[in-house]
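Here is the structure we will look at, set down as structure tokens.
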Amino acid sequence: MDKTEFKRLFLEMMNTQDNSFHPLVWINGNPEIGEGTYIGGLSDINATKGRIVIGAQCDIASFVAINAGDTHLRAIGLAEKPDVGNIEIGDHVFIGSHSVIMGGARIGHHSVVGAGTIVRPVEIPPYSLVLGNPMVIKPGYYKEKARPDNSEAKKT
């Protein structure tokens, strides 16, 4: 078996699509991913239930789950269909390893999500630090630290 056929079979077996990030990044649906964004291995981007937009120049570490749909209430018989919420991640966002971004979350540009954080459906302002479970948002944490030549820093 040649390498192309092996890759085709692997992607079919793993129920994912080919991507430019890593062979062990699962991308389902049609998320919009900005230029220069990195996604580490064993991360999962699931846009089959809702819209996911990830900005440019983001750094998403390994083992991150970004999922627009939540089926837990359906699974236990309390809802008939999944709860769906779109996800928006601004430009220049870092998301640490083993984090979960839930449907309905909006993360402002130049923000950092610490490792292991569960981001619930809230709006996080630009330049924020988000960490923990339950998550704690430190709005504007990085704003004063932004480089003066950063044109985005001058806008907000």
Exercise for review: Note the count of lysine pairs whose C-alpha atoms are less than 30 angstrom apart in the chain, limited to pairs 8 or more residues apart or on different chains.
Suggested key: 9
Review point. What are the ³J(HN,Hα) values, in whole Hz, obtained from phi via the Karplus relation 6.51 cos²θ - 1.76 cosθ + 1.60 with θ = phi - 60°, for each residue of the stretch 28-36 in sequence order, with x given for Gly and Pro?
Key: 10, x, 10, x, 9, 10, x, 5, x
Review point. Quick one: Kirkwood hydrodynamic radius for the stretch 20-67, alpha-carbon pairs, angstrom, one decimal?
Key: 10.5 Å
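Could you sort the peptides 122-128, 78-84 by per-residue average Cβ neighbour count (10 Å cutoff), highest mean leading?
Averaged packing, sorted descending, gives the order 122-128, 78-84.
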Practice item. Quick one: plug the Kirkwood hydrodynamic radius of the stretch 1-43 (C-alpha pairs) into Stokes-Einstein at 4 °C, 1.567 mPa s, and report D in µm²/s. Key: 115 µm²/s
Check your understanding: Per the Kirkwood treatment, what hydrodynamic radius in Å, one decimal, follows for the chain from the mean inverse distance over all distinct Cα pairs?
Key -> 16.3 Å
Exercise for review: Scan around Ala47 for amide H atoms under 5 Å from its own, H built in the peptide plane at 1.01 Å from N, and keep only partners 5 or more places away or cross-chain.
Suggested key: Asn28, Gly29, Asn30
Check your understanding: Under 5 Å between amide H atoms, partner at least 5 residues away or on a different chain: which partners does Ile54 have, H built in plane at 1.01 Å?
Key -> Glu32, Ile33, Gly34, Ile89
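With only alpha-carbon atoms in the gyration tensor, what are the semi-axes of the equivalent ellipsoid for the stretch 80-125, in Å, largest first?
Rounded to whole Å, the semi-axes are 19, 13, 7.
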Point to revise | Tilt relative to the chain, helix 3-13 - C-alpha long axis, 0 to 90 degrees, to 10 | key: 80 degrees
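Read-outs: derived from the displayed coordinates by stated rules, not from any lab. Because the structure is predicted, anything quoted here is derived from the model rather than measured. In this analysis, Cβ positions are derived from the backbone assuming ideal geometry, glycine residues included, and neighbour counts consider all displayed protein chains.
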